[in-house]
């Protein structure tokens, strides 16, 4: 039986939605229970991860994209989750950026929420996914997740999205390029923003080469141990026709140039996924990821509770005194 | 009984050491067995994590620091692990940098090894720790671990070090500053490199303020569930006297300015840790981290083997059909 807070949030009350997100982020009993209640209402939203180095203008791009998507015939409702301490959405912005953000913040069908990257309980991608579920259940058609594109935790976050957009600029140094190699592997759309700057064609060529050199998106087959049979079969039968070639687009977000084309490509990618049975597969892969991670944590906690504390101490002493190695300690602990 | 490869590596044969590291990195049976064999020989090396954004000149700083440490009266042997795709040590460098690196690469008592950040099995920090153990056992007195300072995986890596150095420069933008907030929390020494550039005093003040504002290094108490009683007691009795205030140093690594002071502070920090019983505590905390992570993985694998596949499928179907939520699925899977 749904709580009053959940019911009001699902009906579109923004204040209730804000309060619900706070409970969910803090993983309070109410927040955890709410996630159980709303889950059957999820499954419609298109999750879009947008990632790029600081200074790539991705927040401005997100703002422009939100405005563009809002102009679609069905007037979709849009949520933005800013998982980035440097994002203007999180308050880390210059004044000029903030003004630009305010334009979309005043749209009643746009909801913007920043998320702390550190300090909270649970994994970052778990909390982002939980937020996405809340927005999805509350009837938001697109959930845009903005992350700074560096490090495994950011990759984990955007990996749960249906569509991943990587934002680059003409004047990023080689250093940044190298960092991006990891994130490029998971890109569905590549954007060279600030395309009015010198060197744009070189950047486009560079990205195109990196994309062509790669073997496309890796679905991390070996990590998935217990998908439903239907999706296991789909995974095993992915062929060349199911391969999406990430296009490289040019934008000038501050001038709204190239944004319509970007929105179009996002819709096209969504249709592609649905047409090839990949939307459902991706949805289950994301869910599998979350479930497997929490299962690992749960199994560990249960083990901790059940383990014989005296024997446990003896093993840790043996390890510290170097009578056994870390690997041998793990084996001994598992045998407790 | 030690294998010939391990024996030769421990005796200082560089070719054997190289081959051993390759086995360890790939987690071959030989590599895993080698880690068991060498573990009793570890425990002497001072592990130093050096992290900073691309362009901060941290590789040049590492090279200068290696030369400085080599001049110490006891002529210590030094290993460098470059966990950074943009590091000159990993081949991602401009020619000028490479020449500088060659100077230390030709020193017979210096060993430099880069580590792939992606694609290999196991966690990045597990593999870095494994490398550190090999170097430690082979008699290297200092192990310098260079990582690019962004993202949780880098934080995980340097968190295993005794001494963490964060490198900044006067001209880093605010964006980079914000990203660094996470890494600053774990810094023992702060370095403003390229200190001959304008704005250096502002950077020093800035870092000093960030350090003063923080409550110092967080030892992540709540993550540690089964330390030895001795170190549990130490953890519970850490007081103000055990608190190290991270100093902010200025260097110009290309000119060798400030490097002697940096080396001195590193030695001082090592002595501080030993004098306060923190060296042993940190060593066990790092080991605990590795053991706990592999234990979680091992428990999960065992669960996967033992679980009833039919029931497992039914639960995943219920999840996909939204009859149960992810949390409910985790609970049901744990009850299998």
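Read-outs: derived from the displayed coordinates by stated rules, not from any lab. Every value quoted in this text rests on a predicted model; they were computed, and no experiment measured them. Heads up, the Cβs are rebuilt from the backbone with ideal geometry, glycines too, and the neighbour counts pull from every protein chain shown.
Across the range B:1-65, Cα pairs under 8 Å and at least six residues apart give a relative contact order of 21 percent. Ranked by the mean number of other Cβ atoms within 10 Å of their residues, highest first, the peptides B:225-236, B:13-24 come out as B:13-24, B:225-236. With a 10 Å cut-off around each Cβ of B:277-287, the average count of Cβ atoms from other chains is 1.
Counting partner chain Cβ atoms within 10 Å of every residue's Cβ in A:319-332, what's the average?
6
Label points for residue B:239 are taken 7 Å from Cα along Cα→Cβ. From this copy to the others they lie 7.4 nm apart, shortest first. Peptide B:289-297 has a mean of 6 when you count, residue by residue, the C-beta atoms of other protein chains within 10 Å of its C-beta. With its label point put 7 Å out from Cα toward Cβ, residue A:297 sits 1.9 nm from the same residue's point in the other copies, in order from shortest. When both the range A:1-34 and the range B:266-289 are represented by their alpha-carbon centers, they are found 44 Å apart.
If packing is taken as the mean number of other Cβ atoms within 10 Å per residue, what is the order of B:277-284, A:133-140, A:237-244, highest first?
On the way: B:277-284: 19.0, A:133-140: 24.0, A:237-244: 10.9.
The densest-packed peptide leads the list: A:133-140, B:277-284, A:237-244.
Overall, the anisotropy analysis places the range A:1-41 in the oblate class: the square-rooted eigenvalues a ≥ b ≥ c of its C-alpha gyration tensor yield a/c not less than 1.5, with a/b not exceeding b/c. A label point on residue B:199, set 7 Å along the Cα-to-Cβ line, lies at 1.7 nm from each of its counterparts in the other copies, closest listed first.
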